[in-house]
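As structure tokens, the structure follows; a few thoughts come after it.
The values are calculated or read from the model by the stated rules, or taken from the named source; none is laboratory data. Everything numeric here is computed off the predicted structure, so don't read it as measured data. Don't worry about glycine lacking a Cβ; one is built from the backbone with ideal geometry, like all the others, and counts go over all protein chains shown.
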Amino acid sequence: MARPDQAATVARQLDWNLLRTFVVLSESASVSDAAGRLGLKQPSVSAALKRLEMVLGKQLIDRGPGRFALTEAGEMLRREAMEINGQVLRLATLMRDVTDEVTGDVRIALASHVVCPLLDDALGDFHRTHPKATLSIAVHSSIDAIDAVASGRAAFAVALVRNHSPKLEYARLYRERFGLFCGPNHPLFGRPGLKPEDLAGFTAVSFDTDRLQDVLRQVALLRARVNLSDQIVGTSSALEEVRRMIIAGLGIGALPVHVAARDVRDGLLWPLPPHENLPAVDVYLTHNPKARLNRAEAALLGMVLKRIADVPMAERTY
């Protein structure tokens, strides 16, 4: 067994070209035969063999008139060198197949009401940086979106969170404020100077989670604050459907203010009081730290988490 200092010397002086030459020598009938296979001159192959024997301090081939056979040390080296040769060939294959391009499909689960410029910017930057990667975005209720992460069906979710699971990680992505709105067919539409008491007794539409014991508790309290009727004439887990019912005139409903802004400008929704101290609801990015993500999923998740860390919460409040 080589001493530690001897082993270090061998490691410094031994190179792959010497081992490759020896592999060919071990499969040849003579130095001349090996030189022909390697496309080298015989003196070069002989010099390489002598150098290898000097580095290892062992005779590797018993050679002489009519003799050309591996010694015991030579046979041991042949086995090791053949294994190294296989590893080098596999490495070349791996390097040929690996590219710097990130590919793969990113599976995301979103709650229906997610409107977040920070997330949109991250998606745009991700596509520009990794154009070969694809996105699969599924819209769920918040509960189902988080369940998709827990079950491994999504790389991450953006949703409201009621209960935090110890197996998942949660990062507050943004905060949205909810206001009350009515549609063009409602008696209060277009009326300026309304006060909260003017809303008393009117019917309402709401989200499924717009209950005192659920994630939109603050929105339920807002309805109670203006004394809307206890009669809920329509519910849905999808923001688009709550919006549809408000515009259709079924009743007064709450929507994220920044989401409703375009419909207000287009004359489809009318903002109702109160206009101050509106309830704020946090929306979280949820992921499983133990999940095995593909390169694309890991890259996008990392980009969004970095934005969350870099951008102050005030700039992520809409």
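Restricting segment 99-115 to residues that are in a loop (DSSP other than H, G, I, E, B) and β-branched (Val, Ile, Thr) leaves a set whose member that is farthest from residue 308 (Cα to Cα) is 99. Checking the stated criteria, residue 181 turns out to be in contact (Cβ under 8 Å) with a residue 24 or more places away in the chain, assigned to a strand (DSSP E or B), of a type in the set (Phe, Trp, Tyr) and not assigned by TED's automatic domain parsing to the domain that holds residue 110. Scanning segment 116-142 for residues that are assigned to a helix (DSSP H, G or I), surrounded by fewer than 19 Cβ atoms within 10 Å (Cβ to Cβ) and either of a type in the set (Lys, Arg) or touching a strand residue (DSSP E or B) at 6+ places or on another chain (Cβ under 8 Å) (or both) yields 118, 123, 127, 128. For segment 239-247, the condition of being within 15 Å of residue 273 (Cβ to Cβ), modelled with pLDDT of 95 or more and not charged (D, E, K, R) holds for none of the residues.
Scanning segment 167-186 for residues that are more than 27 Å from residue 103 (Cβ to Cβ) and under 20 Å from the mean Cα position of the chain (by Cα) returns 167, 170, 172, 174. Buried (at least 21 other Cβ atoms within 10 Å of the Cβ), hydrophobic (A, V, I, L, M, F, W, C) and either free of Cβ contacts under 8 Å to residues at least 24 places away in the same chain or out of contact with any Cys (no Cβ under 8 Å at 6 or more places or on another chain) (or both), is that true of residue 248? For residue 248, the condition - buried (at least 21 other Cβ atoms within 10 Å of the Cβ), hydrophobic (A, V, I, L, M, F, W, C) and either free of Cβ contacts under 8 Å to residues at least 24 places away in the same chain or out of contact with any Cys (no Cβ under 8 Å at 6 or more places or on another chain) (or both) - is not met. With the structure loaded, tell me whether residue 205 is over 24 Å from residue 116 (Cα atoms), touching a helix residue (DSSP H, G or I) at 6+ places or on another chain (Cβ under 6 Å) and in contact (Cβ under 8 Å) with a residue 24 or more places away in the chain or whether it fails that test. No.
Taking first residues from segment 113-124 that are within 22 Å of residue 179 (Cβ to Cβ) and partners that are part of a loop (DSSP other than H, G, I, E, B), the Cβ contacts under 7 Å between residues at least 6 apart in sequence or on separate chains come to 118/311. In this structure, residue 92 qualifies as at pLDDT below 90, of a type in the set (Gly, Ala, Ser) and surrounded by fewer than 16 Cβ atoms within 10 Å (Cβ to Cβ).
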